[in-house]
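Structure first, commentary second.
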Amino acid sequence: MVRLFLTLSPAIPRFNLYPGTSILATNPSLRLQKHLKLRTKTPNFSLISPSSSPNFQRTRFYSTGTRIYSLPNSENSNFDDNLVVLGIETSCDDTAAAVVRGNGEILSQVISSQAELLAQYGGVAPKQAEEAHSRVIDKVVQDALDRASLTEKDLSAVAVTIGPGLSLCLRVGVRKARSVAGNFSLPIVGVHHMEAHALVARLVEQELSFPFMALLISGGHNLLVLAHKLGQYTQLGTTVDDAIGEAFDKTAKWLGLDMRRSGGPAVEQLALEGDAKSVKFNVPMKYHKDCNFSYAGLKTQVRLAIEAKEIDAKCPVSSATNEDRRNRADIAASFQRVAVLHLEEKCERAIDWALELEPSIKHMVVSGGVASNKYVRLRLNNIVENKNLKLVCPPPSLCTDNGVMVAWTGLEHFRVGRYDPPPPATEPDDFVYDLRPRWPLGEEYAKGRSKARSMRTARIHPSLTSIIRADSLQQQT
């Protein structure tokens, strides 16, 4: 059973982020000119920076070589405000779509939850998740347009997550996005899922400018990055095995908690009843002087503690005796304390590294599903304030996977000319989509390189940062 949630977020005004880099597509069929009354002008095909000339200039999309034009500076503000992008997200277990305007106004947000499947399988089952996405994707996208009181003809572009994530799930969203873009001659923006988690903070926090730090924490990712500018990231640390969200989910499952809300919220709620120092768990990687994470060992500690207390996961916590419930709450609280302490220690070191590289940093973003946890926010805020930085956390509805973050990231890249042309209206059944299930966001910082997990052997696709840098160098030649 798949439950559908419709939410209409309040409008969030947004200053123009890139006053010199708005986009006008070369092909009139892309429908971008409808947002402005423009006089036809012959473009100047120079390869100089879009902000350095009042004439139209040519730039190229970072992966396909798509040619586009930037508008003269005097017309950028109105153009940016009138951009409207549909964002589609299906990288894991939620089907999401949203429509966002260039000024940051969220016109609609729709999420179809797979909570029942999570409870049934005790986690994400890729094939079942794909089938659930396929059943609801058309309705989710249509509902997002209806809630925004728009049709596809009103859109400027379509943005869609192409990685990282589960290939089977990514394919559903990409296929739908290409169908919409192809049928209505719209440009399409491929979005990096983790970059979207980081950049959505710029939609809600107007003071957040580059460079900034970001801790991205979810069921599949633990990532510490330094964001130099759009598309340019240095990876300070990552997980060498499991992510914190995975550890929360497994702990919830072993404790017999209700997985329909996902493991994180269930553990957080039960932990409020427990003694966080009653069970002695070791902090992972205590003596590793880097910024990498490991949660596999902590999961093993939790499983052994549960076995020692003879807790039966098949008996839901709602049916447990008072003593049994207390034991479960103590384990939940103790696990949460140590899991977050691991985050604190690594973040503290990462902030020092980041300030060495970019002394002007003023903010640290914490985003991703686990960032919805109030205890996580409280503890990390203390660390960040001690370093004289400001913590920026998106609201919980924008921390978990959602279409708003995809649409907004698509907007950010669209403004600077990174998008693909409209795909064909119809594509063969055997068409191979550009999916990037294992796609690094940034390049590793030398101090943070992990011997246990080398990106050179773990990656399939070059990082987003390396792709954009290579394109920039090519444009300069």
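Within segment 235-267, being touching a helix residue (DSSP H, G or I) at 6+ places or on another chain (Cβ under 7 Å) and in a strand (DSSP E or B) holds for 235, 236, 237.
Condition first: among the acidic types (Asp, Glu) and open to solvent by less than 20 Å² (accessible area, probe 1.4 Å). Can you find one or more residues in segment 310-317 that meet it? No - not one qualifying residue is present in segment 310-317. Hey, can you tell me all the residues within segment 164-204 that are at positive phi and crowded, with 21+ Cβ neighbours inside 10 Å? Selection gives 165 alone. Just one of the listed residues (231, 219, 237, 263) is open to solvent by 10 Å² or more (accessible area, probe 1.4 Å) and of a type outside the set (A, V, I, L, M, F, W, C), namely 219.
Against the list (1) modelled with pLDDT under 90; (2) assigned to a helix (DSSP H, G or I), the condition residue 466 fails is (1).
With respect to being open to solvent by 10 Å² or more (accessible area, probe 1.4 Å), closer than 20 Å to residue 106 by Cα and touching a residue at least 12 places away in the same chain (Cβ under 8 Å), residue 207 fits the description. In summary, residue 471 fulfils each of the numbered conditions (1) at pLDDT 85 or above; (2) open to solvent by less than 20 Å² (accessible area, probe 1.4 Å); (3) farther than 30 Å from residue 109 by Cβ with the single exception of condition (1).
Of all residues in segment 151-163, how many are open to solvent by 10 Å² or more (accessible area, probe 1.4 Å) and within 17 Å of the chain's Cα centre (by Cα)? If you could, list the steps in order and put the result at the bottom.
Of the residues in segment 151-163, the ones open to solvent by 10 Å² or more (accessible area, probe 1.4 Å) are 151-154, 162.
The next check asks that each one be within 17 Å of the chain's Cα centre (by Cα); those that pass are 162.
Result for segment 151-163: 1.
Examine segment 343-363 for a residue that is in contact with a helix residue (DSSP H, G or I) (Cβ under 6 Å, 6 or more places away or on another chain), over 16 Å from residue 226 (Cα atoms) and not in a strand (DSSP E or B), and state whether such a residue exists. Yes, segment 343-363 contains at least one residue that is in contact with a helix residue (DSSP H, G or I) (Cβ under 6 Å, 6 or more places away or on another chain), over 16 Å from residue 226 (Cα atoms) and not in a strand (DSSP E or B).
Restrict the check to segment 398-417 and report whether at least one residue is open to solvent by less than 10 Å² (accessible area, probe 1.4 Å), at positive phi, not polar (S, T, N, Q) and not in a helix (DSSP H, G or I).
To start, the set of residues in segment 398-417 that are open to solvent by less than 10 Å² (accessible area, probe 1.4 Å) comprises 398-399, 402-415, 417.
Imposing the further condition that a residue be at positive phi reduces the set to 417.
Next, from what is left, pick out any that are not polar (S, T, N, Q): 417.
Pick out the ones that are also not in a helix (DSSP H, G or I) and you get 417.
Scanning segment 398-417 turns up at least one residue that is open to solvent by less than 10 Å² (accessible area, probe 1.4 Å), at positive phi, not polar (S, T, N, Q) and not in a helix (DSSP H, G or I).
A single entry from 110, 124 fulfils the requirement of being within 22 Å of the chain's Cα centre (by Cα) and buried (at least 22 other Cβ atoms within 10 Å of the Cβ): 110. Looking at 318, 334, just one residue is part of a helix (DSSP H, G or I), among the hydroxyl-bearing types (Ser, Thr, Tyr) and under 31 Å from the mean Cα position of the chain (by Cα), and that residue is 334.
Is one or more of the residues making up segment 439-459 touching a residue at least 40 places away in the same chain (Cβ under 8 Å), surrounded by fewer than 19 Cβ atoms within 10 Å (Cβ to Cβ) and within 30 Å of residue 184 (Cα to Cα)? The answer is no, given that none of the residues of segment 439-459 is touching a residue at least 40 places away in the same chain (Cβ under 8 Å), surrounded by fewer than 19 Cβ atoms within 10 Å (Cβ to Cβ) and within 30 Å of residue 184 (Cα to Cα).
The values are calculated or read from the model by the stated rules, or taken from the named source; none is laboratory data. Quantities reported herein were computed from a predicted structural model and do not represent experimental measurements. Positions of Cβ are backbone-derived with ideal geometry, glycine not excepted, and every protein chain shown enters the neighbour counts. Remember, those area values only see protein heavy atoms, side chains included, never the ligands or the DNA or RNA. Shrake-Rupley method; radii C 1.70, N 1.55, O 1.52, S 1.80 Å.
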